[in-house]
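Peer 1: This is the structure, below, for whatever I ask next.
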Amino acid sequence: MSRRAVNRTVLAVVGLLLLVGGALVLLGGLDVYRRLGITPPSRWPLTSPDQPVLSTTSRTRWTEQGWWWPVAIAVPALVLVGGLWWLFSQLRRGGPAGVDLPSPAAPGQPHYALHVRSRAVEDAIETEAIALPDVDRVTVRVTGAARRPEVHTALRLTPDADTAALVHAYRTGPVEHARHSLGLTSLPAELRLRVARPRKNRHKTPRVR
């Protein structure tokens, strides 16, 4: 699962839980059930403004059990650690810091590892891609492992762009040149296309973003 999919899943689950919990507290705090003549189930949480969110029975039901306190401490700790891990994962770069180039050493010679920064690879592909016909804006991101990089490119095209010709030019141009320059046998690439809206009486210089 990609990082974007994980983020969306986590945010959707957390948002749903917060929405349901907030709705239950709000309904009970505003005494909506009594005003509307609704009788909630017997174990329904917070049915009136005078009722605590957790009753004394609920809070003390398992306190005498030997497993209660270890679980009560471990679960919040795991939630905290998971939340911090997710937060720090958003702060770090999604792709590798660089790309390792294959550099076999000659017999009897020391081996030197060659390393190219990912930003340099992205800049090179962006510079070549923005020069393709009908390209209005380009964004390139290098992901994957340092020895198995992947290229993700998003192109915004002019309204009258020839998408078939552009895809072919992208594959045989920027991607193939990057693969050859890096000395890789293959360079997986993902291309996303978006057509810009027509502009009237307005000209804007294509730019890299």
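Peer 1: Can you find a residue that is modelled with pLDDT under 90, charged (D, E, K, R) and open to solvent by 20 Å² or more (accessible area, probe 1.4 Å) anywhere in segment 164-178?
Peer 2: no
Peer 1: Related question: Considering every residue within segment 26-36, establish whether at least one is out of contact with any Cys (no Cβ under 6 Å at 6 or more places or on another chain), not in a helix (DSSP H, G or I) and not acidic (Asp, Glu).
Peer 2: Quick first cut of segment 26-36, residues out of contact with any Cys (no Cβ under 6 Å at 6 or more places or on another chain) only: 26-36.
Filter again for not in a helix (DSSP H, G or I), leaving 30-31.
Right, trim to not acidic (Asp, Glu) and you get 30.
Checked segment 26-36: at least one residue is out of contact with any Cys (no Cβ under 6 Å at 6 or more places or on another chain), not in a helix (DSSP H, G or I) and not acidic (Asp, Glu).
Peer 1: If we scan segment 3-21, do we find a residue that is under 30 Å from His152 (Cα atoms) and touching a strand residue (DSSP E or B) at 6+ places or on another chain (Cβ under 9 Å)?
Peer 2: Applying the first criterion (under 30 Å from His152 (Cα atoms)) to segment 3-21 yields 3-15.
Subsequent filtering for residues that are touching a strand residue (DSSP E or B) at 6+ places or on another chain (Cβ under 9 Å) retains 3.
Scanning segment 3-21, I find at least one residue that is under 30 Å from His152 (Cα atoms) and touching a strand residue (DSSP E or B) at 6+ places or on another chain (Cβ under 9 Å), so the answer is yes.
Peer 1: Hey, can you tell me all the residues within segment 179-209 that are within 19 Å of Ala131 (Cα to Cα), open to solvent by 90 Å² or more (accessible area, probe 1.4 Å) and either at pLDDT below 85 or of a type in the set (A, V, I, L, M, F, W, C) (or both)?
Peer 2: His203, Thr205, Arg207, Arg209
Peer 1: Looking for something farther than 20 Å from Pro198 by Cα and under 24 Å from the mean Cα position of the chain (by Cα) - is there at least one such residue anywhere in segment 153-166?
Peer 2: yes
Peer 1: Can you report the number of residues in segment 118-154 which are among the polar types (S, T, N, Q), part of a helix (DSSP H, G or I) and in contact (Cβ under 8 Å) with a residue 40 or more places away in the chain? Outline the logic, then answer.
Peer 2: Going through segment 118-154, the residues among the polar types (S, T, N, Q) turn out to be 118, 127, 139, 143, 153.
Now narrow it down to the ones that are part of a helix (DSSP H, G or I): 118, 127.
If we keep only those that are in contact (Cβ under 8 Å) with a residue 40 or more places away in the chain as well, we get 127.
Number of matching residues: 1.
Peer 1: Only one residue in Thr39, Thr47 is in contact with a Phe, Trp or Tyr (Cβ under 8 Å, 6 or more places away or on another chain), open to solvent by less than 80 Å² (accessible area, probe 1.4 Å), at pLDDT 80 or above and more than 21 Å from Leu11 (Cα to Cα). Which one? Walk me through how you get there before you give the answer.
Peer 2: Values: Thr39 fails: open to solvent by less than 80 Å² (accessible area, probe 1.4 Å).
The unique qualifying residue is Thr47.
Peer 1: Please go through segment 142-155 and give me each residue that is of a type outside the set (S, T, N, Q) and crowded, with 18+ Cβ neighbours inside 10 Å, ordered by number. Walk me through it before giving the result.
Peer 2: As a first pass, look at segment 142-155 and keep what is of a type outside the set (S, T, N, Q): 142, 144-152, 154-155.
Correct list: Val142, Pro149, Val151, His152, Leu155.
The values are calculated or read from the model by the stated rules, or taken from the named source; none is laboratory data. What you see is a predicted model; the values in this text were computed from it and never measured. All Cβ positions, glycine included, derive from the backbone under ideal geometry; neighbour counts span all protein chains shown. The protein model used for the area step is the full one, side chains on, heavy atoms only, and it has no ligands, DNA or RNA in it. Shrake-Rupley method; radii C 1.70, N 1.55, O 1.52, S 1.80 Å.
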